[in-house]
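Before any comments, here is the structure.
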């Protein structure tokens, strides 16, 4: 019996139908990304070369990818990459997958440093490095330092920096919050930005299986009310920011307003920003200027928030 010839179009159609049966909410998108990863063709090329037969190696790669995706594993882990702002980043199991809402956080930081001559930015809980690398790529004047408590995240972020040619301007270090930063920057940072763990502990098991079953709980669990790590950031950033420096943090939509109120004890010009879905998402606050050192003002032009 002659073995069936699987063309790109036939395999794409079968994959889409199979994933739909398995409950994939976006089976066509998943099928296209899996096929692109297996064949090396872009999503546009999949349709331009729809009648190209798959090789045996491509079929084997696709079968394994479809099996993983059908089990509920996030598409980004299966393909090994994710698009974020203007970058395509590598990700793997054990490292948090960047979300679209975090692009809003990056946008706020970029706007704040737009008038700065040579801003110094620390990205805390960097994960894949999506925030640090986007800032460095879109603001070449920035000096960016990134830290993460996870050795795996540090490895992935460093790999992304090397692959994108940004390792000369982004330094990634292992450490708990500010512990990975060089001591000479204490009190001299223009921006501290973070997407810390912020899901209340009791809510972690209720997250979609694709999240709770595969993504690292270390990067999700924010303690009893979701603000445990945020409060540590509030305290530590006071020591590392220059007076007037900006703290920008992404948080659970239900905690943003209360988090902003807590920042008022030590910060000024506190405000919140909504994500693209209209949900409270980001807290912005500037360290009070009282006692500003004359030899180290915030970056030239000010940090407008």
Examine the range 53-66 for a residue that is touching a residue at least 60 places away in the same chain (Cβ under 8 Å), touching a helix residue (DSSP H, G or I) at 6+ places or on another chain (Cβ under 8 Å), in a loop (DSSP other than H, G, I, E, B) and farther than 30 Å from residue 273 by Cβ, and state whether such a residue exists.
-> no
Does residue 289 satisfy the condition of being surrounded by fewer than 16 Cβ atoms within 10 Å (Cβ to Cβ), touching a strand residue (DSSP E or B) at 6+ places or on another chain (Cβ under 8 Å), without any contact (Cβ under 8 Å) to a residue 60 or more places away in the chain and part of a loop (DSSP other than H, G, I, E, B)?
-> yes
Residue within the range 89-101 that is in contact (Cβ under 8 Å) with a residue 60 or more places away in the chain, buried (at least 19 other Cβ atoms within 10 Å of the Cβ), in the same structural domain as residue 190 (by TED's automatic domain parsing) and farther than 15 Å from residue 160 by Cα present | no
Being under 26 Å from residue 242 (Cβ atoms) and modelled with pLDDT of 95 or more narrows it down to one of 138, 117, 155, so name that one.
-> 138
Condition test on residue 40, is it over 21 Å from the mean Cα position of the chain (by Cα) and either within 30 Å of residue 132 (Cα to Cα) or surrounded by fewer than 18 Cβ atoms within 10 Å (Cβ to Cβ) (or both)?
-> yes
Collect the residues in the range 107-140 that are buried (at least 24 other Cβ atoms within 10 Å of the Cβ) and part of a helix (DSSP H, G or I), keeping them in residue-number order.
-> 109, 112, 130, 131, 132, 133, 134, 135, 136
In the range 2-24, anything more than 18 Å from residue 67 (Cβ to Cβ) and assigned to a loop (DSSP other than H, G, I, E, B) is listed as 2, 3, 4, 5
Could you please find all residues in the range 67-91 being in contact with a helix residue (DSSP H, G or I) (Cβ under 9 Å, 6 or more places away or on another chain) and part of a loop (DSSP other than H, G, I, E, B)?
-> 72, 73, 74, 80, 85, 86, 91
Given the residues 239, 265, which is the only one that is modelled with pLDDT under 95, within 28 Å of residue 115 (Cα to Cα) and in the same structural domain as residue 188 (by TED's automatic domain parsing)?
-> 265
Residues that are out of contact with any strand residue (DSSP E or B) (no Cβ under 8 Å at 6 or more places or on another chain) and within 14 Å of residue 33 (Cβ to Cβ), drawn from the range 84-119 | none
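Does at least one position in the range 38-50 carry a residue that is closer than 30 Å to residue 107 by Cα and touching a strand residue (DSSP E or B) at 6+ places or on another chain (Cβ under 6 Å)?
The answer is no, given that none of the residues of the range 38-50 is closer than 30 Å to residue 107 by Cα and touching a strand residue (DSSP E or B) at 6+ places or on another chain (Cβ under 6 Å).
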Breaking point among (1) buried (at least 16 other Cβ atoms within 10 Å of the Cβ); (2) more than 24 Å from residue 207 (Cβ to Cβ); (3) within 28 Å of the chain's Cα centre (by Cα), for residue 81 | (2)
Restricting attention to the range 120-147, the residues that are in contact (Cβ under 8 Å) with a residue 40 or more places away in the chain and in contact with a strand residue (DSSP E or B) (Cβ under 8 Å, 6 or more places away or on another chain) number exactly 18
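Looking only at the range 193-206, decide whether some residue is under 20 Å from residue 118 (Cβ atoms), in contact (Cβ under 8 Å) with a residue 40 or more places away in the chain and buried (at least 17 other Cβ atoms within 10 Å of the Cβ). So that I can check it myself, show each step before the final result.
Step one: of the range 193-206, the residues under 20 Å from residue 118 (Cβ atoms) are 193.
Next, only the ones that are in contact (Cβ under 8 Å) with a residue 40 or more places away in the chain stay: 193.
Right, trim to buried (at least 17 other Cβ atoms within 10 Å of the Cβ) and you get 193.
Yes, some residue in the range 193-206 is under 20 Å from residue 118 (Cβ atoms), in contact (Cβ under 8 Å) with a residue 40 or more places away in the chain and buried (at least 17 other Cβ atoms within 10 Å of the Cβ).
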Are any residues in the range 14-35 surrounded by fewer than 19 Cβ atoms within 10 Å (Cβ to Cβ) and touching a helix residue (DSSP H, G or I) at 6+ places or on another chain (Cβ under 6 Å), and if so, which ones?
-> 20, 22, 27, 28
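The values are calculated or read from the model by the stated rules, or taken from the named source; none is laboratory data. Since the model is a prediction, treat every value here as computed from it, not as a measurement. FYI the Cβ positions are ideal-geometry reconstructions off the backbone, even for glycines, and counts take in every protein chain you see.
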